[in-house]
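Here is the structure we will look at, set down as structure tokens.
The values are calculated or read from the model by the stated rules, or taken from the named source; none is laboratory data. All values reported here derive from a predicted model rather than from experimental measurement. Every residue, glycine among them, receives a Cβ derived from its backbone with ideal geometry; neighbour counts consider all protein chains shown.
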Ligand code: BG6
């Protein structure tokens with residue numbers, strides 16, 4: 001049984017204030033992550049968690065919510081009564097109507113003047129400005145205050161800029177934590193170590209030694225109960241604009257001069273700025289939108305997107321995107337980056353595949369194996385790295401076969417792997433900004449994505465239907481076949 005160790009008495013007191021404290025994200029992700037941080041002694045001893053909500057609840061009523069809605073999301077092995085009780089003891093509840101300034105007094109009464117104040121805004125982004133204005137009006141924003149912004153961080157470039165401007169009026173950039181939970185994943189952080197801690201990849205990590213890069217984030221789940229949000233959003237805004245572009249940045253960036261937040265973020269920004277802008281012509285050639293139809297996933301039949309609860313009839317929202325991106329810089333000249341994400345695909349699998357170029361001249365007969373070397377970095381569900389190469393088949397002759405050097409990171413490295421939200425929340429408390437997006441990064445990502453969204457509109461592009469449980473529309477394979485390439489699972 002794990003019991004919480006005693007937290008460092010030297011840490012300043014912490015008031016973690018969660019706007020949207022009775023929302024789904026809090027129940028499923030934030031509170032379980034805070035419990036784990038509590039259990040593993042990563043919260044300052046004097047931590048209080050103040051949930052903010054509209055409901056006229058007492059503290060006890062909120063604790064019932066935590067018990068009923070959040071506890072089921074805590075890993076069973078980590079639950080023990082003593083730790084859970086001491087976790088609950090940290091809670092308070094403040095009833096605040098976000099748009100009514102007078103009601104913020106309830107919150108002000110509960111915060112402590114000398115504590116580090118973290119305001120976690122897990123609300124719709126159109127409320128960020130009002131929350132910040134009202135917090136400022138009741139004197140809660142000073143140099144002890146930090147703000148965490150939950151996605152979606154905008155719907156397009158203008159709205160992202162508006163968020164940056166309105167939050168930036170009250171908080172300096174070094175106290176704004178824009179969450180992209182992919183940056184909190186152990187495996188994603190490990191990518192930096194793989195690239196910048198291992199000299200063997202250094203010289204090869206560029207054109208012309210790399211032929212292509214594939215980044216896939218496949219989900220087997222459908223839209224679930226989120227149609228209200230998702231239908232106005234789609235896969236491009238929900239996944240590509242943030243998670244996949246962040247992965248691309250980590251794969252493609254130049255070595256930063258250090259792990260300092262701005263050193264890393266400067267390099268990521270350069271990658272985003274070097275993305276070749278798409279034109280109407282390249283949009284129709286290099287992007288594929290899809291929408292799932294009924295099918296079967298994990299042996300169970302599932303509905304099509306249009307039959308999901310809350311999806312408007314005839315919706316043309318995409319649940320799948322595949323695209324070919326290109327970076328306009330020396331390192332990556334002419335190396336295509338294929339990005340793909342979708343819901344209701346065959347399985348949950350996130351991976352990055354680096355396909356190395358052929359040798360300039362080969363004396364070894366290759367048989368059917370067109371490409372000798374691939375580095376496959378699997379991020380989810382298992383954490384592994386495979387280096388595929390050709391080897392001689394035992395026996396006479398020089399027949400070659402593909403074989404893999406397999407590194408199962410979970411087996412190789414014992415130790416607890418914290419969930420992304422736990423790691424990121426602890427980073428906020430410790431003031432570590434490296435794994436959060438800076439305002440210019442956010443805007444650069446939108447600046448590249450927005451013309452694609454408007455191009456689709458101008459083209460009257462409708463998503464192609466794909467059967468649930470497959471890897472998306474056939475056009476996605478055709479996108480690669482054009483260049484004599486295939487997605488990893490087709491190789
Ligand atoms: C979220 C998206 O940001 O990421 C969801 O809004 C998606 O639609 C989720 O399901 C995927 O995250 P993970 O960690 O399960 O890969």
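Residues 167, 148, 131: which one is outside any loop (DSSP other than H, G, I, E, B), in contact with a strand residue (DSSP E or B) (Cβ under 9 Å, 6 or more places away or on another chain) and within 16 Å of the ligand (Cβ to nearest atom)?
148
Starting from residues that are in contact (Cβ under 8 Å) with a residue 12 or more places away in the chain, part of a helix (DSSP H, G or I) and farther than 26 Å from residue 483 by Cα, keep the ones in the range 249-263 and report whichever is farthest from the ligand (Cβ to nearest atom).
Selected residue: 262.
Just the residues that are more than 9 Å from the ligand (Cβ to nearest atom) and under 18 Å from residue 185 (Cβ atoms), please, taken from the range 224-248.
The answer is 240, 241, 244, 245, 246, 247, 248.
Which residue, of 153, 157, is closer than 30 Å to residue 238 by Cβ and within 16 Å of the ligand (Cβ to nearest atom)? Quick ask: steps written out before the conclusion?
On the way: 157 fails: within 16 Å of the ligand (Cβ to nearest atom).
Just one listed residue meets the conditions, 153.
(1) within 24 Å of residue 378 (Cβ to Cβ); (2) exposed (fewer than 15 other Cβ atoms within 10 Å of the Cβ); (3) more than 23 Å from the chain's Cα centre (by Cα): which one isn't true of residue 416, the others all being true?
Residue 416 satisfies every listed condition except (3).
Residues being touching a helix residue (DSSP H, G or I) at 6+ places or on another chain (Cβ under 6 Å), surrounded by 22 or more Cβ atoms within 10 Å (Cβ to Cβ) and not in a helix (DSSP H, G or I): count how many of those fall in the range 434-449.
The number of residues fulfilling the criteria is 1.
Enumerate the pairs (first residue in the range 152-167 and on the phi > 0 side of the Ramachandran plot; second residue anywhere and within 16 Å of the ligand (Cβ to nearest atom)) with beta-carbon separation below 9 Å, excluding pairs fewer than 6 apart on the same chain, so at least 6 apart or on different chains.
Close Cβ pairs satisfying both conditions: 154/125; 154/160; 154/237; 154/241; 154/442; 154/446.
With 320, 337 as the choices, which residue is within 16 Å of the ligand (Cβ to nearest atom) and touching a residue at least 12 places away in the same chain (Cβ under 8 Å)?
Values: 337 fails: within 16 Å of the ligand (Cβ to nearest atom).
Just a single option satisfies the conditions, and that option is 320.
Considering only the range 81-104, state which residues are without any contact (Cβ under 8 Å) to a residue 40 or more places away in the chain, surrounded by fewer than 18 Cβ atoms within 10 Å (Cβ to Cβ), in contact with a helix residue (DSSP H, G or I) (Cβ under 8 Å, 6 or more places away or on another chain) and part of a helix (DSSP H, G or I).
88, 101
Among the candidates 386, 378, single out the residue that is in contact with a strand residue (DSSP E or B) (Cβ under 7 Å, 6 or more places away or on another chain), within 16 Å of the ligand (Cβ to nearest atom) and not in a loop (DSSP other than H, G, I, E, B). Before you say what the answer is, go through the steps one by one.
Working: 386 fails: within 16 Å of the ligand (Cβ to nearest atom).
Result of the check over 386, 378: 378.
Inside the range 39-80, can you point out the residues that are within 29 Å of the chain's Cα centre (by Cα) and in a loop (DSSP other than H, G, I, E, B)?
Residues satisfying the conditions are 40, 41, 42, 43, 44, 54, 74, 75, 79.
If I ask for residues that are closer than 22 Å to residue 237 by Cα and either within 12 Å of the ligand (Cβ to nearest atom) or in a strand (DSSP E or B) (or both), which ones from the range 340-359 would you list?
Our first condition is that a residue be closer than 22 Å to residue 237 by Cα; within the range 340-359, this holds for 340-352.
Residues satisfying the conditions are 340, 341, 342, 343, 344, 345, 348, 349, 350, 351, 352.
Matching residues to (1) more than 19 Å from residue 151 (Cα to Cα); (2) touching a residue at least 60 places away in the same chain (Cβ under 8 Å); (3) in contact with a strand residue (DSSP E or B) (Cβ under 8 Å, 6 or more places away or on another chain); (4) crowded, with 19+ Cβ neighbours inside 10 Å:
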position: 185; (1), (2), (3), (4): no, yes, yes, yes
position: 191; (1), (2), (3), (4): yes, yes, yes, no
position: 203; (1), (2), (3), (4): yes, no, no, no
position: 207; (1), (2), (3), (4): yes, yes, no, no
position: 213; (1), (2), (3), (4): yes, yes, yes, yes
position: 221; (1), (2), (3), (4): yes, yes, no, no
position: 228; (1), (2), (3), (4): no, yes, no, no
position: 232; (1), (2), (3), (4): no, yes, no, no
position: 236; (1), (2), (3), (4): no, yes, yes, yes
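Quick check on this structure: which one of 188, 193, 221 is more than 16 Å from the ligand (Cβ to nearest atom) and over 21 Å from residue 453 (Cβ atoms)? Give the derivation first.
Values: 188 fails: more than 16 Å from the ligand (Cβ to nearest atom); 221 fails: more than 16 Å from the ligand (Cβ to nearest atom).
Exactly one residue qualifies, and that residue is 193.
Mind listing whichever residues of the range 46-77 are within 22 Å of residue 418 (Cβ to Cβ), surrounded by fewer than 16 Cβ atoms within 10 Å (Cβ to Cβ) and modelled with pLDDT of 95 or more?
72, 73
For the range 264-281, enumerate the residues that are touching a residue at least 60 places away in the same chain (Cβ under 8 Å) and part of a helix (DSSP H, G or I).
264, 265, 268, 269, 272, 273, 280, listed by residue number.
Against the definition (under 19 Å from residue 240 (Cβ atoms), assigned to a helix (DSSP H, G or I) and over 21 Å from the mean Cα position of the chain (by Cα)), how does residue 456 come out, yes or no?
Details: under 19 Å from residue 240 (Cβ atoms): yes; assigned to a helix (DSSP H, G or I): yes; over 21 Å from the mean Cα position of the chain (by Cα): yes.
Considered against the rule, which asks whether it is under 19 Å from residue 240 (Cβ atoms), assigned to a helix (DSSP H, G or I) and over 21 Å from the mean Cα position of the chain (by Cα), residue 456 comes out as yes.
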